[in-house]
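The values are calculated or read from the model by the stated rules, or taken from the named source; none is laboratory data. From a predicted model like this one, the values you see are computed outputs, not experimental measurements. Ideal geometry is used to build each Cβ from the backbone, glycine not excepted, and the neighbour counts take in all protein chains shown.
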Amino acid sequence: MQTTQFLSRDEIRDYYADQMSWDEHNVYKQFGDLSIARVFHGKLFVVYNLIRRGDSPNILAVLRVTGINIIENNLAVDILDLRTGVTCRMEYMPKLLCGYDIFGSVPSECIVSKVLKQNEQGHVIDVGLSAGILLRHRMKPEFQNPGYIYCVGMTDFGRLFGDAGRKAFEKLETVHNEEAR
């Protein structure tokens, strides 16, 4: 009797990584930290680096989830870089997240759920879908090592940096206001 054998999550992730070009795959293998983040329409992520240990984070970009779609049985998460206007679509195949030194992809096993909210009148309204995204960094964001680029959700950014994170956003706003003049 023959039994059906399924691939593990790691085997599926390796399968997709093996579909990359030789150069991309070699770069991808240098990224050791893998985390999953829950995403929904409008969720914000902060892309940042640290110049020196103990410094305030240097915010490189703020990314917004603009869509979660199921296209021909494949899950896709659309992300917009609010600074540059660059958009990227994350699917099962890992790729650089909006051109930053972070790989992103959609997990092969992902629960997609409907997000419902109640408005002021008590009516339930459909807000969209919620899913997951895999983020692969060179180093864990919690280690806060200088020289690496990190991407975390706004809540995690606040947890990691507290008041220093708030000051980093104030600095970013000041720079944008000066550029607008």
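When you go through (1) farther than 13 Å from Phe45 by Cβ; (2) surrounded by fewer than 13 Cβ atoms within 10 Å (Cβ to Cβ) one by one for Thr155, which number turns out not to apply?
Exception for Thr155: condition (1).
Any residue that is of a type in the set (Asp, Glu), farther than 21 Å from Phe169 by Cα and at pLDDT 90 or above - is there at least one of those in the range 29-52?
We begin by selecting, within the range 29-52, every residue of a type in the set (Asp, Glu); these are 33.
If we keep only those that are farther than 21 Å from Phe169 by Cα as well, we get 33.
Then keep just the ones that are at pLDDT 90 or above; that gives none.
No, every residue in the range 29-52 fails to be of a type in the set (Asp, Glu), farther than 21 Å from Phe169 by Cα and at pLDDT 90 or above.
Among the residues that make up the range 106-121, is at least one of them in contact (Cβ under 8 Å) with a residue 40 or more places away in the chain and over 20 Å from Asp18 (Cβ atoms)?
Filtering the range 106-121 for residues in contact (Cβ under 8 Å) with a residue 40 or more places away in the chain gives 107-109, 112, 115.
Among the residues that remain, those that are also over 20 Å from Asp18 (Cβ atoms) are: 112, 115.
Looking for residues that are in contact (Cβ under 8 Å) with a residue 40 or more places away in the chain and over 20 Å from Asp18 (Cβ atoms), one finds at least one in the range 106-121, hence yes.
For the range 56-76, enumerate the residues that are part of a strand (DSSP E or B) and either within 30 Å of Lys167 (Cβ to Cβ) or touching a Ser or Thr at 6+ places or on another chain (Cβ under 9 Å) (or both).
Asn58, Ile59, Leu60, Ala61, Val62, Leu63, Arg64, Val65, Thr66, Ile68
Could you please let me know if Phe31 is closer than 15 Å to Leu96 by Cβ, outside any loop (DSSP other than H, G, I, E, B) and among the hydrophobic types (A, V, I, L, M, F, W, C)?
The answer is no for Phe31.
Please go through the range 144-158 and give me each residue that is within 18 Å of Gly99 (Cβ to Cβ) and aromatic (Phe, Trp, Tyr), ordered by number.
Passing the criteria: Tyr148, Tyr150.
Mind counting the residues in the range 67-102 that are at pLDDT below 90 and among the β-branched types (Val, Ile, Thr)?
Counting residues in the range 67-102 that are at pLDDT below 90 and among the β-branched types (Val, Ile, Thr) gives 2.
On the given criteria, is Asp101 among the acidic types (Asp, Glu) and either surrounded by fewer than 17 Cβ atoms within 10 Å (Cβ to Cβ) or assigned to a strand (DSSP E or B) (or both)?
When the stated conditions are applied, Asp101 does not pass them.
Of the conditions (1) closer than 16 Å to Lys43 by Cβ; (2) part of a strand (DSSP E or B); (3) among the hydrophobic types (A, V, I, L, M, F, W, C); (4) at pLDDT below 80, Leu116 fails just one. Which one is it?
(1)
Could you check the range 77-98 and list, in sequence order, the residues that are surrounded by 15 or more Cβ atoms within 10 Å (Cβ to Cβ), in a strand (DSSP E or B) and either at positive phi or of a type in the set (Val, Ile, Thr) (or both)?
Val77, Ile79
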